[in-house]
1. Would you please name the chymotrypsin sites (Phe, Trp or Tyr not before Pro) within the range 135-225 that are DSSP coil residues with at most 12 other C-beta atoms within 10 Å of their C-beta?
2. Tally Lys/Arg at +1 and Asp/Glu at -1 over every other residue whose Cβ is under 14 Å from the Cβ of D174; what's the total?
3. Modelling each spin label as a point 7 Å along the Cα-to-Cβ direction, I'd like the T158/A204 distance in nm, to one decimal.
4. Here are some pairs, K47/K147; K67/K137; K95/K152; K42/K87; K95/K143; K143/K194; which of them have Cα atoms lying more than 24 Å apart in this structure?
5. Pick out, in residue order, every one of the GluC sites (Glu not before Pro) in the range 140-225 that is DSSP loop and has at most 15 other C-beta atoms within 10 Å; say none if there are none.
6. Straight-line reach from K160: which aspartates and glutamates have Cα under 17 Å away, leaving out those fewer than 8 places along the same chain?
Amino acid sequence: MKKFIFLTVIVLLVINVKAQFTGANSSVDLTILDTRVKEMGKYADVKTGVPFVLKDWSQGAITVNGKVQKEELMLKYDEVDDELLVKGEGNSVKKFSLPIEAFTIKDGSKIRVFVSGFKPTKNANSNAYYELIADGKLKLLRKNFKKISEYKEYSGATAKVIKDDVQYFVVSSDNQPTPIKLEQKSILQVLSDKGAAVEEHIKANKLNLKKENDVVSVFQFYNKG
């Protein structure tokens, strides 16, 4: 009898930690995470740096099974764990039990797009999220490989910091992210089939290919043709 009651309690608890957001196209199961472990415990002793792409919760949408969900969810993207989190009732933190193929996050007046499903690279698997900063024949992706590092303070205590490691990739029809540097030689090599036109666009607009926004402009020009 006691065993039966215990199992019944366990089943009820499992049911209670499940939730659903029902969209226009499908519903998505959410699994509750412990907010103390996720947001307070793990990063509580980090002295410098932010684990998330944006510090605060931001409005966004998700794509599941090729369909965009219509809800305006409150999302956070953890770049250390490469994991998408969603704000639930009572400020609880949840994660999706189904793979999220893509998502958007509102950053001020800008909508930032993150995508997954590319072939693995040296530091990322096929589930990894990349920020899509230029779309078209050649996609330009940005990924911040954030990591937690430790160092010794003058007092002898160990402190933790989150370090940024921003890398850029191009992806063509083969779906394989290829590293690219923000420098003219690297970029012109990738866009060599339209080299003359691209160089003219760079000169005419006085673009600096060490700046992300200027590189995005070059890729947008290239993809128009």
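1. Numbers: sites: F145, Y151, Y154, Y168, F169, F219, F221, Y222; in loops: F145, Y154.
Taking the range 135-225 and a limit of 12 other Cβ atoms within 10 Å, the loop chymotrypsin sites (Phe, Trp or Tyr not before Pro) found are Y154.
2. So the surrounding residues net to +3.
3. 5.7
4. Over 24 Å Cα-Cα: K95/K152; K143/K194.
5. E153, E183
6. Within reach: E39, D45, D78, E79, D81, E150.
Readers should treat all values here as calculations from the given coordinates under stated rules, not as data from a laboratory. As the structure is a prediction and not an experimental result, all values here were calculated from the model. Positions of Cβ are backbone-derived with ideal geometry, glycine not excepted, and every protein chain shown enters the neighbour counts.
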